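Each remark here refers to the structure printed beneath this line.
The values are calculated or read from the model by the stated rules, or taken from the named source; none is laboratory data. Everything numeric in this text was worked out from a predicted model, so none of it was measured. Positions of Cβ are backbone-derived with ideal geometry, glycine not excepted, and every protein chain shown enters the neighbour counts.
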Amino acid sequence: MSPGNKCPVDRACLLVVTGFALCSVVLSLTVPVFEAPDEPSHVAVARYIFTNRALPVQGPASPVGQEAGQPPLYYVLGALLFALAPEPRLAPVWNANYNPHVSFDRAGPGADNRNLFAHPNEGFPYRGDVLGIHLMRLLSVGLGVTTVIATYLLASEAFRDLPGAAFLAAWLVAFNPQFVFMSGVFNNDAGIAAASALILWLAVRRLGRPRSGVESALLGLFVGVGLLMKLSGVALLGLVGATLVLEAGLYRDFRRVFIQAAIVFGLAALVAGWWFVRNLALYGDPLGWNALLGASASLLRAQPLGVVEAAQTLWDARGSFWGLFGWSNILLPDWFYVLTDLMTVVGLIGLGGVGWTAWKRRDAVTLARLGLMVGWFVVVAAALIRWVQLNAAADQGRLLFPAVAAVGAGIGAGLAWLADRLLKGRGAGAWPTGLAASGFAVNLAIAWAVILPAYRPTFGGAVPVGEFRPVRFGDGIELLAAQVSPGAVRAGDPVEIDLWWRAVKPVAGDWSVSLTVFDTEFNVVAGVNSWPQGGRAPTSVWPAGAVVHDRYRLLVSRTGPEPEAGTVWVALYDARDPGGSRLNVYAGDGRYLGSTVQVGRVRLKPADGGEAGPSPSQSVDYRFGAGVRLAGYDAMVTGGELKLDLYWRAEAPIRRAYNVFFHVVDGQGRIVAQDDGPPAGGRYPTDLWEPGDRLRDRHRVDLSRLPPGEYWVRVGLYSLEDGQRLPAVGPDGTRQPEDAVQVYQFRVP
């Protein structure tokens, strides 16, 4: 690197480190407690160490979960930070705030129920355990900074003649959104990533020239630290062993390398050996592997995957190395992963160019360094593939972070190699600063637009005025308004329901919303159960008096062959109660309404839209008012019963509810039998009809008590509000007497 571009690159690297630290701190402060992979168990281990001044023991009765068998250094450091939180401690019972509707499906921005917990007591200023956990998260921030710096040093050492390689390596790690996220939460991934990056840097340095005993001692110390950070740190022994073998091959000084190896492994054993002895005594094996498998039993596969299948599973989840947030259930938009795939492919092509150049120059040191970094990634990936074979939840790119420095250095060197040949030094002073700023901006945008909205409730806003009359659930929650749209749906269509809630007073507990769309037979055609606002606004966090706008989008599963009215009902219930206890619902005047309330209606249209519809055997043409047409009928008298089906068609919107009058009259015009009621028995009230709707309206009348003679059927429509009949007009435009249409004549023998 020439003096002309070294200074701006180094300044940009400072910007990278600073930008990374700021982004991680932002996430550490704003991501709710425990909304990160395994954070509850990691925190539980640190709290246990702080409280008991002892290490937990892995087993079925372990109070801290599956992480009890992990090496302790990360947790001991966390416990020291946790101790800085002043009394009194809140000691929240997190299981009581568990979201029973949480979804672990991996979905993009806007998906519901990403949060695993409710967070009623986490507002700033933090107190007690919440403060302690946020302090512990700062440990991950510091370790993340260490990883970024170590990556820069690694690439500077390995690719010292390649302009921009060190900057790009640090940039790729620092502004990898997944690495930023994991560096803002309490998880020992941060610890093993930092230790591995430092060890890889020292290992690459050793291949440049023989190192002193002091540097070997430092390497041994870091290896011991890595072994105490996470169980996967055991692989670091292989990395260091391979380094020493390569060093011996490069410099042919086997005696010196043997002495250096003794220093490295001896100091590592001195630092971490006691941990493996403890495991041997407690669990019967130095790693405590069987105890760890037992603690992870709920995640283990009934039948392990084959190697190829596990590798394919990990490959399919490769985007999670760059961005998979929350409990591994919040994705970025698809285009982001397309870009990371493209960047990776381009970087690997460039890295191949680096290797080819070193091969042509017979540069054994560079080739050995490349081999060490690539080999380290392969070892980490192979170990993860083995874990994916056993564990159904292991397909997470963050578990490759022990090799994150190698990935950053390798892809960064490849991009730098290509840029050096394409740009030939043009813009060398400007692009590092621009990239640093863009990486910072992108990560803040992801935090603001993707991660935080998955957890952040919203309060306030105007309440619409409509037909819905407010009701009260229990003694503390009001439903102020409700809207259902669109007005008509068919199978596969979405129906959106908006609810406006208000807490009269602080709500104790987290009540779930049960929202159901029924057809007229009370079959469920759509429904959802969720905490309000897709899990983001559990009732325990509602401020008294604040309006909570709660929107749902449901897909209608099926509709019948004819149009009908769907009704939308809402209830509040305790999903964690095996009996699903519900809150009572009361009208504004205090009347008890039950445990559920109807909030709207929706037209359920036939799958074919009703265009074909049923066809009558007898066609007629009578119109009622401006919007209803009687198009025909089917009639039969059998077994002392009249069966007559009317075929209605809507030709204009109808905004009132009408009943059908169905009168059987004798020769003197007297009504001798009737079957009045809403069309189709109320399945599809007229105030829901829209132009094009077709409806078959079945009527059945008992004739067994009628004397022999001639009878006529007269029909029409009348208002439920005032009893007034709709004007009836015949085919020739003549208004029918009494606004009744005579449709059928029959004889009773």
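Values as computed for the structure displayed
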read-out: Complete set of residues in the range 708-725 that are aliphatic (A, V, I, L, M) and either at pLDDT 95 or above or on the phi > 0 side of the Ramachandran plot (or both); value: V713, V715, L717
read-out: Some residue of the range 557-564 being closer than 30 Å to P731 by Cα, more than 48 Å from the chain's Cα centre (by Cα) and exposed (fewer than 15 other Cβ atoms within 10 Å of the Cβ); value: no
read-out: The range 282-307, subset of a type in the set (S, T, N, Q) and under 11 Å from L390 (Cβ atoms), residue modelled with the highest pLDDT; value: Q303
read-out: The range 540-550 - residue that is at pLDDT below 95 and not hydrophobic (A, V, I, L, M, F, W, C) and, of those, surrounded by the fewest Cβ atoms within 10 Å (Cβ to Cβ); value: G545
read-out: Test: residue in the range 648-665 that is at pLDDT below 95, under 23 Å from V748 (Cα atoms), in a loop (DSSP other than H, G, I, E, B) and outside the structural domain of V489 (by TED's automatic domain parsing); value: no
read-out: Hey, S328 at positive phi and touching a Ser or Thr at 6+ places or on another chain (Cβ under 9 Å) or not; value: yes
read-out: From the options L444, L435, residue that is touching a residue at least 40 places away in the same chain (Cβ under 8 Å), under 27 Å from the mean Cα position of the chain (by Cα) and surrounded by fewer than 22 Cβ atoms within 10 Å (Cβ to Cβ); value: L444
read-out: Only listed residue being among the basic types (K, R), buried (at least 16 other Cβ atoms within 10 Å of the Cβ) and more than 29 Å from A491 (Cβ to Cβ), chosen from R536, R603; value: R536
read-out: Residue in the range 210-230 that is out of contact with any helix residue (DSSP H, G or I) (no Cβ under 8 Å at 6 or more places or on another chain) and outside the structural domain of P72 (by TED's automatic domain parsing) present; value: yes
read-out: Per-region count, the range 340-374, residues surrounded by 17 or more Cβ atoms within 10 Å (Cβ to Cβ) and in contact (Cβ under 8 Å) with a residue 40 or more places away in the chain; value: 11
read-out: Top-ranked residue of the range 113-164 - restricted to ones that are more than 18 Å from R398 (Cβ to Cβ) and of a type in the set (K, R), ranked as surrounded by the fewest Cβ atoms within 10 Å (Cβ to Cβ); value: R160
read-out: Looking only at the range 447-485, and only at residues there that are among the small types (G, A, S) and over 19 Å from S514 (Cβ atoms), the one that is surrounded by the most Cβ atoms within 10 Å (Cβ to Cβ); value: A454
read-out: Cross-chain or 6+ apart pairs with Cβ under 9 Å, the range 236-247 first and more than 15 Å from I259 (Cβ to Cβ) and in the same structural domain as V365 (by TED's automatic domain parsing), then β-branched (V, I, T) and modelled with pLDDT of 95 or more; value: none
read-out: Helices (runs of 4 or more DSSP H) enclosed by the range 128-242 - at least 3 residues per element that are of a type in the set (D, E, K, R); value: 128-158, 189-208
read-out: L706 hydrophobic (A, V, I, L, M, F, W, C), under 60 Å from the mean Cα position of the chain (by Cα) and over 24 Å from S619 (Cβ atoms); value: no
read-out: Where L314 falls short, out of the listed (1) closer than 30 Å to L202 by Cβ; (2) in contact (Cβ under 8 Å) with a residue 40 or more places away in the chain; (3) crowded, with 17+ Cβ neighbours inside 10 Å; (4) not assigned by TED's automatic domain parsing to the domain that holds V388; value: (4)
